[in-house]
Amino acid sequence: MSGKWAHLGHNLGECWVNTNKLITYINIPKNASSYMKACLMGSKDKWTYYDHFINQQQNLVLLRDPVDRWCSGMAQSLFNSKMEMSDDSIFEHITFDDHTELQTYFLQDIDLTNTVFFLVNDHLTEDLTAWAIGNGNAINTQDISKYNNASSEDNRINLKQRFLDVIVNYPEYMLKLKKHFEQDYELINRVKFYGN
């Protein structure tokens, strides 16, 4: 186990590998990772989990808008920990766990030259399907449930909305988030996304 969040179950370099097609999917928490794992496990090809990075000819990486990811991640973090915190305290720290960590943290020391990037948005399934068809159906996007696994019964959706409302009502918090996630925004602005 490696990385500062290994004790929470997300190792640095954690990935799924298809050795037949020489593809590595690099897992980043809160970037439709449950959905993507379902796509991999439902495919006709064999994908094997590794708790460390395995280099192949091609990498797959899903990136998400950092602020949207953080709001969802903070909801997950508070839901998991059952902690009550003031907004000031939350925005003083910003990163609490693997769900609120920089996306670039999970990509450190990995050569991203031969990487296909997907943006987590409303077109993700469509983009992944188009890519899969062009790559011998390496993943299965059909009959996979929506990638947001939070439900209103467990309050994560309400918690996420709380943070979305806070950053709209208090622009200084949005500025703090944008500054904190500057590296993620730089990466998102630098790469070309499949289908976009």
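The table that follows gives values for the structure above.
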read-out: Residue list for the range 13-33, restricted to those being among the aliphatic types (A, V, I, L, M) and closer than 15 Å to N59 by Cβ; value: V17, L22, I23, I26, I28
read-out: Residue list for the range 66-94, restricted to those being surrounded by 17 or more Cβ atoms within 10 Å (Cβ to Cβ), within 20 Å of the chain's Cα centre (by Cα) and within 24 Å of I188 (Cα to Cα); value: P66, V67, R69, W70, C71, S72, G73, M74, A75, Q76, S77, I94
read-out: Single condition Q56 does not satisfy, out of (1) in contact (Cβ under 8 Å) with a residue 40 or more places away in the chain; (2) within 25 Å of Y194 (Cβ to Cβ); (3) in contact with a Ser or Thr (Cβ under 9 Å, 6 or more places away or on another chain); value: (1)
read-out: Number of positions in the range 109-128 that are surrounded by 14 or more Cβ atoms within 10 Å (Cβ to Cβ) and more than 18 Å from the chain's Cα centre (by Cα); value: 0
read-out: Within the range 1-108, helices (runs of 4 or more DSSP H) holding 1 or more residues that are at pLDDT 95 or above; value: 66-81, 87-93
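The values are calculated or read from the model by the stated rules, or taken from the named source; none is laboratory data. This one's a predicted model, so the numbers in the text were calculated from it and none came from an experiment. Glycine also receives a Cβ, built like all others from the backbone with ideal geometry; neighbour counts cover every protein chain displayed.
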